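Inspection log for the structure reproduced underneath, given as structure tokens.
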Amino acid sequence: MTGVSSEGGEIVSLDLLKKKMADFSKERDWDQFHSPRNLLLALVGEVGELSEIFQWKGEVPKGLPDWKEEEKVHLGEELSDVLLYLIRLSDICGIDLGKAALRKVELNAIKYPVGMSRGSSKKYNSISNNNNNGTESI
């Protein structure tokens, strides 16, 4: 799987992160605690911490132009916590997260055809099917 280069020039992929998380856990003898349930609850907790960053800010423009650098660094840390727990959970459950994500994108393309979805925020079951004069939902 391809990724982006880190500051050290290393390619960052889901596979690399999965290996680093597995090694990190093994070195600390934490595998015994990494049940799917425990990892999911840890992930939910991290999503809560991520949510707190945006709490009470109202709408935030893309790129966060008015945010201080330390706020962006904190955001990156919390986003990373969510990503790392998600990767660890998928590994423990035996799910290839990269393949599952690509499959989901393909399924979403079917659920949200461009011709019926462009510019609309409607859920897939509320989009009219143009092939039958709008009388049936997808």
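The values are calculated or read from the model by the stated rules, or taken from the named source; none is laboratory data. The model shown is predicted, which means the values in this text are computed figures rather than measured ones. Note that we place each Cβ from the backbone using ideal geometry, even for glycine, and neighbour counts take in every protein chain shown. Surface accessibility is based on the protein's heavy atoms, side chains included, excluding ligands, DNA and RNA. Shrake-Rupley method; radii C 1.70, N 1.55, O 1.52, S 1.80 Å.
Filter the stretch 72-81 for residues that are touching a residue at least 12 places away in the same chain (Cβ under 8 Å) and closer than 22 Å to ASP23 by Cα; which is surrounded by the fewest Cβ atoms within 10 Å (Cβ to Cβ)?
First, pick out the residues of the stretch 72-81 that are touching a residue at least 12 places away in the same chain (Cβ under 8 Å): 74-75, 78-79, 81.
So of that shortlist, the ones also closer than 22 Å to ASP23 by Cα come out as 78-79, 81.
On the way: GLU78: 17, LEU79: 13, ASP81: 17.
My answer is LEU79.
Which of the residues spanning the stretch 20-38 are more than 9 Å from ASP91 (Cβ to Cβ) and assigned to a helix (DSSP H, G or I)?
Passing the criteria: LYS20, ASP23, PHE24, SER25, LYS26, GLU27, ASP31, GLN32, PHE33, PRO36, ARG37, ASN38.
Just one of LYS26, LYS19, LYS68 is under 19 Å from the mean Cα position of the chain (by Cα) and free of Cβ contacts under 8 Å to residues at least 24 places away in the same chain; which is it?
Working: LYS26 fails: under 19 Å from the mean Cα position of the chain (by Cα); LYS68 fails: under 19 Å from the mean Cα position of the chain (by Cα).
None of the other options fit; the residue is LYS19.
Assuming ALA42 fulfils every condition listed in (1) open to solvent by 70 Å² or more (accessible area, probe 1.4 Å); (2) assigned to a helix (DSSP H, G or I) apart from one, which condition is it?
(1)
Residues are listed down the side, and each one gets a yes or a no for (1) open to solvent by less than 60 Å² (accessible area, probe 1.4 Å); (2) modelled with pLDDT under 95; (3) of a type in the set (D, E, K, R):
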site: GLY8; (1), (2), (3): no, yes, no
site: MET21; (1), (2), (3): yes, no, no
site: ARG37; (1), (2), (3): no, no, yes
site: GLU69; (1), (2), (3): no, no, yes
site: LEU83; (1), (2), (3): no, no, no
